[in-house]
Amino acid sequence: PVTRLTDYRPPAWLVDHTRLDVDLRDGHATVTAELTVRRNPAGDDRPGELVLDGEHLELLSLSVDDRPLGEPDYRLEEGRLTVPGVPEQFTLTSKVRIHPESNTALEGLYRSNGMYCTQCEAEGFRRITFFPDRPDVLSRFTTTIHADRAAYPLLLSNGNPVDSGDEEGGRHFATWDDPFPKPCYLFALVAGDLACLEDSFRTASGRDVALRLYAEHRDLDKLGHAMDSLKRAMAWDEQVFGREYDLDIFQVVAVSHFNMGAMENKGLNIFNTSCVLAHPATTTDAGFERVESVVAHEYFHNWSGNRVTCRDWFQLSLKEGFTVFRDQEFSSDMNSRAVTRVENVDFLVNHQFPEDQGPMAHPVRPSEYQKIDNFYTLTVYEKGSEIVRMQHELLGAEDFRRASDLYFERFDGQAVTCDDFVACMEEVSGLDLSQFKRWYSQAGTPLVTASDRFADGEYQLTLRQETPPTPGQSDKQPLMIPVKLALLDDQGRALPLDDSGATETVVILRDSEQTFRFPVATDRIPTPSLLRGFSAPVSLRYPFKEAQLITLLAHDSDGFCRWDAAQRLYFAALARIIDDGEDAAAQLDRLTPVLEQVIQRAGEDPAEAALLLTLPTETAVGDRHTPLRPQAVHDALSALRAGLGEALAASWWRLVEELAEPEYRADGEAMGKRRLRQVALGYLSAAAGAGRGDRDKLVAQLQGMLDAPTCMTEELGALRALVHNQLPGAEPALAAFAQRWRDEALVMDQWFAVQATVPGADTVARAEGLLAHDAFEWTLPNRVRAVVGTLVNGNPSAFHAPDGSGYAFFARALKKLDGINPQIAARLANGAARLQRLEPALAEQLSAALRELRPAASANLAEVLDRIL
Ligand code: ARG
Ligand code: ZN
């Protein structure tokens, strides 16, 4: 069944109050729901028939205003309950039995490591009780939980605790009341025996908020970073967006079994352990950054998502795109803005662009879906964030803030649309954003082609735009594309662009082709620094000369353009190897002086240098060559990496030695140094793996880091270098690491992932072995992602093994998973999205493997397979 945006109708019934009573017992739970229902005055005039959603529920009793109903009084069909003949206003009481223990889909109420928890977004609440499960029905929730006191001393739900006490048989109860009406997807409940890190935050208006972070007792020492991040996020949202927290208590619970990163349930966020737990001994620097950004993201949803929510799921980006923008800005303010921007752009370009150019391409505001779970995508989140960022740039920081204030004020307590958001931007700024709004409805990555000429002291820049057709959307309209730019002279100095002396400007491309003129005082054609800050999510084509790229890399003041120049140099060198049959060695003369320069200046900003010195991934390179020949890409990259490792060995060793820190430090500077040091070790290891350089010295260095690591970043980095380059000692190191960390699930996830990402076809057999490992669990999404996800999405030379073994592995895993957790299966299936780009022999094998899955596929998996096949 397809759901369409154009079919939206306001809800026929409203639920003013929801009183839930959840009785948790061994083997099952009983949920009694008392709904205060009234007809929606703004709804369509339809007969007095109430329709509620409900799945996997065993109905025990149902009554309207205390009048018990029997079977002809209601109809129970697949996924819904219909009660005809209801009055204009009534109380509906239902009692259902559910089975959290056997819920492996991790939607609704389920168990994870002995605790009960919930995940309701998008449509999980219907697995807890009968309800109008749609985001535009906002209800006030009062929730009572009953459970065994010894096993579940802690009983949590949304809002404020209002009552609690003992019950017969060693049981107890707690009642929570959430004063803010909310859609049911924001409902949450937790019952368990958990440790708590407690702190408090005083809001701008002087209210004290209790902050409570919960995790398993063994993880209590891993909550400090999340707490610090949370307090910083609360202060930042007050300062930058004027948003203050609204309840007296804010709680976060860490859960091992979780489909996504985290969930913003009102006052009771639930997190994947991987996004909240952090300790230097067990968590890499990248992990620390992720915790900071996800904690902030979920906290920011309290306004962008909860106080103002979505009218329907097509509007998902209203809350997700905006909240990603907010968390990216937060991370930029907490860390290096330039580095954060490059990381965000790198992620968008190398993950969202392929999605937007493949079979899953869809608009940021999709127009139809079968399972909404399949649309929690990089397009909705990351491209959605870029659309908000463009509005921020178009309006300027001040007007953007005024517009966001207006948005929050006007729509507080309502469920609204992306149009409502843009309308606030227009109203405050006076801008006409009607053309701009095509960004929400038009799928695909726009291609902007730039060409230029220099005549009569005038620099003329011609920009053309074209968005290639995407599935179901063949005709594309011109978009409004802001292109920020500067012009650099031979020495890399930015030229004044007009009489005011400004050296940077934004031109707005609206038509399919436009020419912009700049009277610049120079006699040579300048080097254009285009799309500064990545001012629009487009793919830019311009025939850069190598010398221009080197100028940009060395002198451009814009961090994105420096990084982009380095990327273009790498992609060009790889294209010469892959397409023109040149030798990798032939590229070294051209690249080593460039890299040498970056290394020489690395002290200025080690983190940025690390980004500039990192070669694109096999996946990124593969996406730039048609047809996709994964083995050729792998060979070219390996040869280039090993060559650069050897040619620049002295510099890499100097970095390894200079950047070594005797003791762990957590600050940004230390993190930047570690990052650059890992890059240097990566190059040296690649050379050593190819039998070049001083292999013994390198292995001794890596062994030393493994034996006495200062932190997980070093320890895991050394392990990866040994294992990925099949250096002596790799296997014993893996065994020792597993021995040391077998009780730390998140570290073991890394141990699995390191092995599943060893480049080369042999890794498929290794991964089969990992699936058979004692510590592998199909019901644990993090573990499945660590083995299957990383191989399929991060290891093309294994996934696309010429004998088809990678595809067989993939298909078996999907089949197994689909029976356990369809959301996770569907998500993994996206790994096949490059099917149509593959060289024919591989494409045929992959499609045969997938076709076999189709007949028995879940609705989630089927939707993805049908788009790909
Ligand atoms: N709203 C959550 C976030 O912060 C994600 C929830 C995703 N749930 C799902 N079933 N796909 O982004
Ligand atoms: Zn979110």
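The values are calculated or read from the model by the stated rules, or taken from the named source; none is laboratory data. Fair warning: this is a prediction, and the values are worked out from it, not measured in the lab. Positions of Cβ are backbone-derived with ideal geometry, glycine not excepted, and every protein chain shown enters the neighbour counts.
What number goes with the only condition from (1) in contact (Cβ under 8 Å) with a residue 40 or more places away in the chain; (2) polar (S, T, N, Q); (3) crowded, with 20+ Cβ neighbours inside 10 Å; (4) under 21 Å from residue 276 (Cα atoms) that residue 340 does not pass?
Tallying (1) in contact (Cβ under 8 Å) with a residue 40 or more places away in the chain; (2) polar (S, T, N, Q); (3) crowded, with 20+ Cβ neighbours inside 10 Å; (4) under 21 Å from residue 276 (Cα atoms), residue 340 fails exactly one: (1).
Condition check ((1) hydrophobic (A, V, I, L, M, F, W, C); (2) modelled with pLDDT of 95 or more) across all residues:
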site	(1), (2)
462	no, yes
471	no, yes
488	yes, yes
500	no, no
508	yes, yes
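Can you go through 211, 230, 268 and tell me which one is within 16 Å of ligand 2 (Cβ to nearest atom), touching a Leu at 6+ places or on another chain (Cβ under 7 Å) and more than 17 Å from residue 331 (Cα to Cα)? Outline the logic, then answer.
Values: 211 fails: within 16 Å of ligand 2 (Cβ to nearest atom); 230 fails: more than 17 Å from residue 331 (Cα to Cα).
268 is the lone residue from the list that is within 16 Å of ligand 2 (Cβ to nearest atom), touching a Leu at 6+ places or on another chain (Cβ under 7 Å) and more than 17 Å from residue 331 (Cα to Cα).
Report, by residue number, each residue of the stretch 745-786 that is in contact with a His (Cβ under 9 Å, 6 or more places away or on another chain) and β-branched (Val, Ile, Thr).
754, 757, 758, 779
Among the residues of the stretch 149-167, write down those that are of a type outside the set (A, V, I, L, M) and within 16 Å of residue 21 (Cβ to Cβ).
Listed by number, the residues that qualify are 152, 157, 158, 159, 161, 163, 164, 165, 167.
If residue 177 satisfies every condition in (1) in contact with a Phe, Trp or Tyr (Cβ under 8 Å, 6 or more places away or on another chain); (2) surrounded by fewer than 20 Cβ atoms within 10 Å (Cβ to Cβ); (3) not in a strand (DSSP E or B) but one, which is the exception?
(3)
Among (1) crowded, with 16+ Cβ neighbours inside 10 Å; (2) within 32 Å of the chain's Cα centre (by Cα); (3) not small (Gly, Ala, Ser), which single condition is residue 514 missing?
Just one mismatch for residue 514, condition (2).
Select from the stretch 180-212 the residues that are touching a residue at least 60 places away in the same chain (Cβ under 8 Å), farther than 25 Å from residue 411 by Cα and part of a strand (DSSP E or B) and list them in ascending order.
Passing the criteria: 189, 190, 191, 192.
Being assigned to a helix (DSSP H, G or I) and within 29 Å of the chain's Cα centre (by Cα) is the filter here; which residues of the stretch 690-721 pass it?
712, 713, 714, 715, 716, 717, 718, 719, 720, 721
Conditions: (1) among the aliphatic types (A, V, I, L, M); (2) farther than 23 Å from residue 375 by Cβ; (3) crowded, with 24+ Cβ neighbours inside 10 Å; (4) in contact (Cβ under 8 Å) with a residue 60 or more places away in the chain. Residue 824 meets all but one. Number of the miss?
The failed condition is (2).
When the residues of the stretch 439-484 are filtered to those that are assigned to a strand (DSSP E or B) and of a type in the set (Phe, Trp, Tyr), which remaining residue is nearest to residue 353 (Cα to Cα)?
Filtering the stretch 439-484 for residues that are assigned to a strand (DSSP E or B) and of a type in the set (Phe, Trp, Tyr), the one nearest to residue 353 (Cα to Cα) comes out as 459.
Restricting to the stretch 135-151, and then to whatever is more than 33 Å from the chain's Cα centre (by Cα) and part of a loop (DSSP other than H, G, I, E, B), can you tell me which residue is farthest from residue 120 (Cα to Cα)? Please lay out each step first, then the result.
At the first step, the residues of the stretch 135-151 found to be more than 33 Å from the chain's Cα centre (by Cα) are 144, 146-151.
From what is left, the residues that are part of a loop (DSSP other than H, G, I, E, B) are 149-151.
Values: 149: 25, 150: 27, 151: 24 Å.
Result: 150.
Quick test for you: out of 240, 253, pick the one residue that is more than 16 Å from ligand 2 (Cβ to nearest atom) and not in a helix (DSSP H, G or I).
253
Go over the candidates 94, 63 one by one and state the one that is of a type in the set (Ser, Thr, Tyr), modelled with pLDDT of 95 or more, over 20 Å from residue 123 (Cβ atoms) and surrounded by 15 or more Cβ atoms within 10 Å (Cβ to Cβ).
On inspection, the qualifying residue turns out to be 63.
Please count how many residues of the stretch 764-781 are under 13 Å from residue 745 (Cα atoms) and surrounded by 14 or more Cβ atoms within 10 Å (Cβ to Cβ).
So the answer is 5.
Say we look at the stretch 106-121 and pick out the residues that are outside any strand (DSSP E or B) and surrounded by fewer than 22 Cβ atoms within 10 Å (Cβ to Cβ); which of these is nearest to ligand 2 (Cβ to nearest atom)?
Looking at the filtered set, the residue picked out is 113.
With respect to residue 444, is the statement that it is away from ligand 2 (no atom under 16 Å from the Cβ), modelled with pLDDT under 95 and either of a type outside the set (Lys, Arg) or under 25 Å from the mean Cα position of the chain (by Cα) (or both) true? Break it down into steps so the answer makes sense when it comes.
On the way: away from ligand 2 (no atom under 16 Å from the Cβ): yes; modelled with pLDDT under 95: no; either of a type outside the set (Lys, Arg) or under 25 Å from the mean Cα position of the chain (by Cα) (or both): yes.
In short, no.
Filter the stretch 371-402 down to the residues that are of a type in the set (Asp, Glu) and surrounded by 21 or more Cβ atoms within 10 Å (Cβ to Cβ), then identify the one that is farthest from ligand 2 (Cβ to nearest atom).
The qualifying residue farthest from ligand 2 (Cβ to nearest atom) is 386.
Name the pairs: first residue in the stretch 254-274 and closer than 14 Å to residue 122 by Cα and polar (S, T, N, Q), second residue away from ligand 2 (no atom under 13 Å from the Cβ) and part of a loop (DSSP other than H, G, I, E, B), Cβ to Cβ under 9 Å, at least 6 apart or on different chains?
Between residues of the stretch 254-274 that are closer than 14 Å to residue 122 by Cα and polar (S, T, N, Q) and residues that are away from ligand 2 (no atom under 13 Å from the Cβ) and part of a loop (DSSP other than H, G, I, E, B), the close pairs are 259/105; 259/106; 259/107; 259/821; 265/120; 265/158; 265/187; 265/188.
Quick check: is even one residue across the stretch 204-212 on the phi > 0 side of the Ramachandran plot and more than 15 Å from ligand 1 (Cβ to nearest atom)? Talk me through it step by step, then tell me what you get.
Of the residues in the stretch 204-212, the ones on the phi > 0 side of the Ramachandran plot are 206.
This time we only want the ones that are more than 15 Å from ligand 1 (Cβ to nearest atom), so: 206.
Yes; the residues of the stretch 204-212 include at least one that is on the phi > 0 side of the Ramachandran plot and more than 15 Å from ligand 1 (Cβ to nearest atom).
So if I check each of 554, 547, which one is free of Cβ contacts under 8 Å to residues at least 12 places away in the same chain, farther than 29 Å from residue 444 by Cβ and not in a loop (DSSP other than H, G, I, E, B)?
Sole residue among the options that is free of Cβ contacts under 8 Å to residues at least 12 places away in the same chain, farther than 29 Å from residue 444 by Cβ and not in a loop (DSSP other than H, G, I, E, B): 547.
Do any helices (runs of 4 or more DSSP H) entirely within the stretch 567-628 hold 1 or more residues that are surrounded by fewer than 18 Cβ atoms within 10 Å (Cβ to Cβ), and if so, which?
585-600
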